[in-house]
Amino acid sequence: MPAGPAVTPVLRVGLLGCSSIARRRTLPALRATPAAAVTAVAARDPRRAEAFAAESGTGAAALTYEQLLAADDVDAVYVSLPNSEHHRWAEAALLAGKHVLCEKPMTTTAAATTALTRLAAERGLVLRENFTFLHHPQHARVQRLLADGRIGAPRTLTAEFCIPPLPGTDIRYRADLGGGALLDAGVYPLRLARLLLGPGLAVAGATLRVDKARDVDVAGLVLLVSPDGVFASLGFGFQHGYRSRYAVHGATGTLTADKAFTPPATWQPVLRVEEQDHTEEHTLPAADQFALAVAAFTTAALAGPDPTGAATAAPCTDTARLVDEVLATAVRVPDHEELRR
Ligand SMILES: NC(=O)c1ccc[n+]([C@@H]2O[C@H](COP(=O)([O-])OP(=O)(O)OC[C@H]3O[C@@H](n4cnc5c(N)ncnc54)[C@H](OP(=O)(O)O)[C@@H]3O)[C@@H](O)[C@H]2O)c1
């Protein structure tokens, strides 16, 4: 028998939750990925799922959460539910034999994140936390400049991820849904510190500003120290003008990245290297970090037993441990905006 044309494998993805981030970023990224197809979407309200499916232009079936996990034509699930729901539904998806791309933070505790990463490893399934910034090439360039000694030995990392206040109904103001600035925005600089400074980071101090009426933190500052004595000062919140930047201060210079965590796909990042006698700027090509994150997940899931699972799980659980430590040790202060209401 003559061989037929080669069939290109396609990962069939189901979207669990018709969320804002699914609509704005992940669905367009999946649609632009030739090796992925969106075959199902699920919402708690069937009319919402139907409207989302129709609007998606994918021909996806509109299902309930349970139906999506049982669907034979779904190989992988994208979980973009409120943070409190990630563990339960990612676990159910893994138990149903599906690969999982889970929105950040993977769960709200280190114990739950560790349990999920173990389950994925046991089942040979791909589980990824959707920190899309990790896929933007600008950070690999930063790592190369640091490795080349351009600013000497790193002494301090400063990083901030801050956004203006959100509508009062936003899930980020709901304690019961895993809201709060640390779990929403603070996890970005924490994950960056793990990327640039490596494992073994310890929390040396932390403070959280708390909206007492809603019982959620709305801003915070964390001081970390690495095993070799590098400091990290990390700010976050949703009470500020937009800031998304970091700087590594070294023995002989400073390296700065702006729009570091959520750059638009068309943004050409500018890395700034300041040395004793001159400053230079490196303008990098634009990159769509959502498309890159989806492509990396799709490639890993289609590759079979997860080749990079252990390498991606360790930083994920380390970051979750830092979150636990901050929550356990932070000095809490009341939010004066809230006191004035
Ligand atoms: N990677 C990134 O850059 C990025 C950016 C933004 C957000 N995120 C993450 O994505 C997740 C969703 O954020 P979002 O801003 O997109 O939220 P959102 O628009 O409020 O969507 C949350 C979804 O969760 C579902 N849901 C299930 N139980 C719920 C409940 N009890 N209350 C409210 N919603 C419930 C809803 O789905 P149905 O009604 O459709 O069932 C809703 O569509 C969060 O984990 C967030 O951290 C990631």
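The values are calculated or read from the model by the stated rules, or taken from the named source; none is laboratory data. Predicted model, so just to flag it, every value in this text is computed and none were measured. Note that we place each Cβ from the backbone using ideal geometry, even for glycine, and neighbour counts take in every protein chain shown.
Data overview
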read-out: Residue within the stretch 38-56 that is surrounded by fewer than 20 Cβ atoms within 10 Å (Cβ to Cβ) and away from the ligand (no atom under 16 Å from the Cβ) present; value: no
read-out: Residue among LEU95, LEU63 that alone is within 15 Å of the ligand (Cβ to nearest atom), in the same structural domain as ARG25 (by TED's automatic domain parsing) and touching a residue at least 24 places away in the same chain (Cβ under 8 Å); value: LEU63
read-out: Test: residue in the stretch 73-90 that is assigned to a loop (DSSP other than H, G, I, E, B), more than 15 Å from the ligand (Cβ to nearest atom), at negative phi and of a type in the set (D, E, K, R); value: yes
read-out: Residue under evaluation PHE236, criteria (1) part of a strand (DSSP E or B); (2) at pLDDT below 95; (3) of a type outside the set (Asp, Glu), criterion not met; value: (2)
read-out: Qualifying position, being surrounded by fewer than 23 Cβ atoms within 10 Å (Cβ to Cβ), within 16 Å of the ligand (Cβ to nearest atom) and in the same structural domain as SER80 (by TED's automatic domain parsing), among ARG31, ARG23; value: ARG23
read-out: Neighbours by Cβ (under 6 Å, 6+ apart or cross-chain): first from the stretch 129-140, over 15 Å from ASP258 (Cβ atoms); second among the basic types (Lys, Arg) and within 8 Å of the ligand (Cβ to nearest atom); value: GLU129/LYS104; ASN130/LYS104; PHE131/LYS104
read-out: Neighbours by Cβ (under 7 Å, 6+ apart or cross-chain): first from the stretch 9-29, in contact (Cβ under 8 Å) with a residue 24 or more places away in the chain; second charged (D, E, K, R) and more than 8 Å from the ligand (Cβ to nearest atom); value: LEU11/ASP75; ARG12/ASP73; ARG12/ASP75
read-out: Hits in the stretch 99-139 (condition: of a type in the set (Ser, Thr, Tyr) and within 27 Å of ARG245 (Cα to Cα)); value: THR107, THR108, THR109, THR113, THR132
read-out: The stretch 99-140 - residue that is among the hydrophobic types (A, V, I, L, M, F, W, C) and assigned to a strand (DSSP E or B) and, of those, nearest to the ligand (Cβ to nearest atom); value: CYS102
